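One structure is given below, encoded as structure tokens.
The values are calculated or read from the model by the stated rules, or taken from the named source; none is laboratory data. Since this is a predicted model, take the numbers as computed values, not measurements. Backbone-built Cβ (ideal geometry, glycine too); neighbour counts: all protein chains shown.
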């Protein structure tokens, strides 16, 4: 989880021309002191505003990373989980494009390690399920971005974005059942 930056960190990023020292960890505004007496420190309000901005940006990046990971962590069709990483998507798209011209007898390995016969219908289902899953994952990321900002506007670092995501293979009962055998 992202952490709120100290005043010293904010100063070094946004006011690098002002050399500053601080007592302790740099989170107490009253401990800040400009090394050059001719220079004026930004106000605490200015620094706090930058802290919120930096933290929101870092939290949004973490949410995006979670979104991108989950996008490629599998989709379920019937009793089977199929890979949804970029390489698998390309292969599945090619099969979908082949349609009725898809070679017969293609056996496709599922995330559980079993094989199923690939058909034009299954390739189409995979394609449609991945599209729906992507939409759900992106919607959940956007939900978390909004709530990270709105739920506690001054402390985005306190927001927990772990809940409500569509299930991925590693969270499934099927993955848990196979864990004992791996």
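Observations on the structure shown:
- Residue in the stretch 158-166 that is farther than 18 Å from residue 82 by Cα and in a helix (DSSP H, G or I) present: yes
- Residue in the stretch 84-92 that is surrounded by 18 or more Cβ atoms within 10 Å (Cβ to Cβ), at positive phi and part of a loop (DSSP other than H, G, I, E, B) present: no
So that you can scan it fast, the table gives a plain yes or no per residue for (1) within 24 Å of the chain's Cα centre (by Cα); (2) within 19 Å of residue 61 (Cβ to Cβ); (3) modelled with pLDDT of 95 or more:
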{"position": "82", "(1), (2), (3)": "yes, no, yes"}
{"position": "100", "(1), (2), (3)": "no, no, no"}
{"position": "108", "(1), (2), (3)": "no, no, yes"}
{"position": "112", "(1), (2), (3)": "no, no, no"}
{"position": "129", "(1), (2), (3)": "yes, no, yes"}
{"position": "132", "(1), (2), (3)": "yes, no, yes"}
{"position": "136", "(1), (2), (3)": "yes, no, yes"}
{"position": "155", "(1), (2), (3)": "yes, yes, no"}
{"position": "160", "(1), (2), (3)": "yes, yes, yes"}
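- Residue within the stretch 96-108 that is free of Cβ contacts under 8 Å to residues at least 12 places away in the same chain, touching a strand residue (DSSP E or B) at 6+ places or on another chain (Cβ under 8 Å) and farther than 30 Å from residue 52 by Cβ present: yes
- Within the stretch 66-83, being in a helix (DSSP H, G or I) and crowded, with 18+ Cβ neighbours inside 10 Å holds for 67, 70, 71.
- From the options 2, 51, residue that is in contact with a helix residue (DSSP H, G or I) (Cβ under 7 Å, 6 or more places away or on another chain), closer than 30 Å to residue 132 by Cα and in contact (Cβ under 8 Å) with a residue 24 or more places away in the chain: 2
- If you check 128, 146 for being in a helix (DSSP H, G or I) and surrounded by 12 or more Cβ atoms within 10 Å (Cβ to Cβ), only one passes: 128.
- Conditions (1) surrounded by 14 or more Cβ atoms within 10 Å (Cβ to Cβ); (2) in contact with a helix residue (DSSP H, G or I) (Cβ under 7 Å, 6 or more places away or on another chain); number of the one not met by residue 106: (2)
- Subset of the stretch 32-44 [surrounded by fewer than 15 Cβ atoms within 10 Å (Cβ to Cβ) and outside any loop (DSSP other than H, G, I, E, B)]: 33, 44
- Any hit, the stretch 151-169, residues being farther than 30 Å from residue 5 by Cα, out of contact with any helix residue (DSSP H, G or I) (no Cβ under 7 Å at 6 or more places or on another chain), loosely packed, with under 13 Cβ neighbours inside 10 Å and in contact (Cβ under 8 Å) with a residue 12 or more places away in the chain: no
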